[in-house]
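The values are calculated or read from the model by the stated rules, or taken from the named source; none is laboratory data. All values derive from a computational prediction rather than experimental measurement. Cβ atoms come from the backbone with ideal geometry, glycine included; neighbour counts cover every protein chain shown. The area values use the complete protein model at the heavy-atom level, side chains included, leaving out ligands, DNA and RNA. Shrake-Rupley method; radii C 1.70, N 1.55, O 1.52, S 1.80 Å.
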Amino acid sequence: MKRILVSILFVFLSLPMVFANGKRETVSSDKAIIVFAAVSTIDVIQDLADLFKAETGQPVLLNPASSGTLAKQLIEGAYADVYVSASARWMDYVTSYDLVEKSAPFAGNRIVLIAPSDSTDGPVNIDDSLDFPASFDGRLSMGDPSHVPAGAYALSGLEYYQWYDEMEPRLLPGANVRVSLAVVELGETERGIVYRTDALKSKKVKILGVFPEKSHRPVSYFCAFLKQGSPGGKDFYDYISTSEDAAEVLRQYGFDVQ
């Protein structure tokens, strides 16, 4: 039964959706600001959208998916005012198509090793002395490195410590970081690699260790105002990237403020 649920999660959570005040809606309002947001930011961006609306009266609709999926949608002509990426790579990709008016880093994060909350395993030091492949049985849940930034960071960590070759047959790549988290929450795998912020918000997993920053590129989030965007979109971009109110909300969610 759990495997059926995991399959459903992989399909459902990989589908882009648009939310306003937590409810699924279609992108049909000419007045709404449309934000394409990396899945790992969706909770904090929704809170910022709610605060922004309370201050300005301007509604914001969110379309969450992996950074790579959203980038490809934009290249193919999808409309958005603002793009929030969990990866410099995908922000650079969108910029290379001359779609970005301006962009800036606005938050940072860490990559962590997680286990189900009821696991009896304790904390581990992630370093050269750890025999990672032998430290657990079964598969490792992580984002698909081809388009999920969390997966790319995880891959870098595995390669840095020379664990990848042995782990490669055991990897379970997810459509986005929330899928990877959900698999561990369901107990389908003993281990997963996700963002610290996603692990902290879940009561069903625990953090076993933090990947040293030297093992992967810095985890930075970028926000862009797109050339097709509206004046309201520019205001929301400025709010996310420069306001102290936004910085405080980011800190509350466990992000590092750039």
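Per the Debye formula on identical point scatterers at the alpha carbon atoms of the range 122-208, with no solvent, log10 I(q)/I(0) at q = 0.20, 0.21 Å⁻¹ is -0.92, -1.03. The region of the chain that goes longest without hitting one of the trypsin sites (Lys or Arg not before Pro) in a DSSP loop, each with at most 12 other Cβ atoms within 10 Å, is 32-202. Rounded to whole Å, the principal axis extents of the Cα atoms in the range 120-163 read 31, 22, 16, largest first. Qualifying chymotrypsin sites (Phe, Trp or Tyr not before Pro) in the range 81-133, where qualification requires a DSSP coil assignment and no more than 13 other C-beta atoms within 10 Å, comprise TYR97. About the centre of its Cα atoms, the chain shows a dipole size close to 500 debye [charges on the beta carbon of Lys, Arg (+1) and Asp, Glu (-1) only; nearest 20 debye]. R0 = 51 Å: FRET efficiency of THR242 with ASP128, Cβ-based, nearest 0.05? The formula returns an efficiency of 0.80 here. Accessible surface computed residue by residue for the range 102-163, with neighbouring protein chains in place and a 1.4 Å probe, gives 42 Å² per residue. Estimated purely from DSSP H runs of n ≥ 4, each contributing -39500 (n - 2.57), the mean residue ellipticity at 222 nm for the chain is -11000 deg cm²/dmol once divided by its residues. Over every Cα atom in the chain, the radius of gyration and the widest Cα-Cα span, Dmax, amount to 18.2, 56 Å.
A crude spin-label estimate for the pair GLN258 and ARG217, with each label 7 Å from Cα along the Cβ direction, gives 1.2 nm. How large a share of the accessible area of the chain, in percent, is made up of carbon and sulfur atoms when the probe is 1.4 Å and the other protein chains stay in place? About 51 percent, which is the carbon plus sulfur part of the accessible surface.
Looking at the chain, the DSSP beta bridges with both ends there are about 65 percent antiparallel. Per residue, the range 191-258 exposes an accessible area of 47 Å² to a 1.4 Å probe, with every protein chain left in place.
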